[in-house]
1. Quick check on my filter: what residues within segment 108-119 are more than 10 Å from ligand 2 (Cβ to nearest atom) and closer than 17 Å to residue 248 by Cβ?
2. So which residues in segment 184-202 are within 14 Å of ligand 1 (Cβ to nearest atom) and closer than 16 Å to residue 246 by Cα?
3. Got a number for residues in segment 110-131 being within 12 Å of ligand 1 (Cβ to nearest atom) and within 13 Å of the chain's Cα centre (by Cα)?
4. Examine segment 86-99 for a residue that is in a loop (DSSP other than H, G, I, E, B), within 13 Å of the chain's Cα centre (by Cα), within 15 Å of ligand 1 (Cβ to nearest atom) and modelled with pLDDT of 95 or more, and state whether such a residue exists.
5. Any residue in segment 46-55 that is modelled with pLDDT of 95 or more, in a strand (DSSP E or B) and within 30 Å of residue 206 (Cβ to Cβ)?
6. Please go through segment 14-49 and pick out each residue that is out of contact with any strand residue (DSSP E or B) (no Cβ under 6 Å at 6 or more places or on another chain) and within 26 Å of residue 188 (Cα to Cα).
7. Does segment 94-129 hold any residues that are surrounded by fewer than 19 Cβ atoms within 10 Å (Cβ to Cβ) and in contact with a helix residue (DSSP H, G or I) (Cβ under 6 Å, 6 or more places away or on another chain), and which are they?
8. Residue by residue through segment 190-203, note down the ones that are surrounded by fewer than 21 Cβ atoms within 10 Å (Cβ to Cβ) and either more than 13 Å from ligand 2 (Cβ to nearest atom) or at pLDDT below 95 (or both).
Ligand SMILES: O=C(O)CCC(=O)C(=O)O
Ligand SMILES: [Fe+2]
């Protein structure tokens, strides 16, 4: 029998928003290194330098009227097919991949992905760990709990924000380790903005994938304080970016403009 997507990725939900999934070790070490090799072997003209990052655009040009499509190279379809098969969340094959490269002091402003995309995004992380912040859109920050009913942390699974239910949309963060896959959709996609601060030491106190955070600190052999109490040691509450971080943002543009470059 077909296994539904929710069943398949249920164990990977992190935080309070039910449509955000973090899958550690999605790639093996050799797969990680191979992808980096391909990215850095791409011709120089593929890189577009922005103020706060560099990027490569694969799959074609995203246009209001749809995608002026270009076939993805095999080294990318290998990974997008794996994401498609294992997530079962995309309506059709992933046809667009944005590769971002961030130096330790670079980031991306809080934003919501454009309307041309199907509202599911899969992000593969390579290189340095990084913290991605999710913040509710202004207007959804109904953060004062007036009811005192203990429901203040719950984000409802249905529909648009409903003030009567005293829902609170709290900012939170996800630690993105190299080789991991982050998928978010629906509410996490449309009611929150996502971004990465352009600082080399990022705060970790809002990180919802705590296991990964502890593993990171274990692997970094932080000594001294035994616990993770607030204020004990700044290093225990932060993530230090020492090398570049590269990400692959994989999406579906449902509308493909077949009349390519017709003048
Ligand atoms: O680099 C990332 O992890 C996020 C990139 C992103 O949000 C985007 O390209 O829309
Ligand atoms: Fe984005």
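1. The one that is more than 10 Å from ligand 2 (Cβ to nearest atom) and closer than 17 Å to residue 248 by Cβ: 118.
2. Result: 195, 196, 197, 198.
3. Residues flagged as within 12 Å of ligand 1 (Cβ to nearest atom) and within 13 Å of the chain's Cα centre (by Cα) within segment 110-131 amount to 13.
4. No, the conditions are met nowhere in segment 86-99.
5. yes
6. 16, 17, 18, 24, 25, 27
7. 119
8. 190, 191, 197, 198, 199, 200, 201, 203
The values are calculated or read from the model by the stated rules, or taken from the named source; none is laboratory data. Since this is a predicted model, take the numbers as computed values, not measurements. Cβ sites come from the backbone with ideal geometry, for glycine too, and all protein chains shown count toward neighbours.
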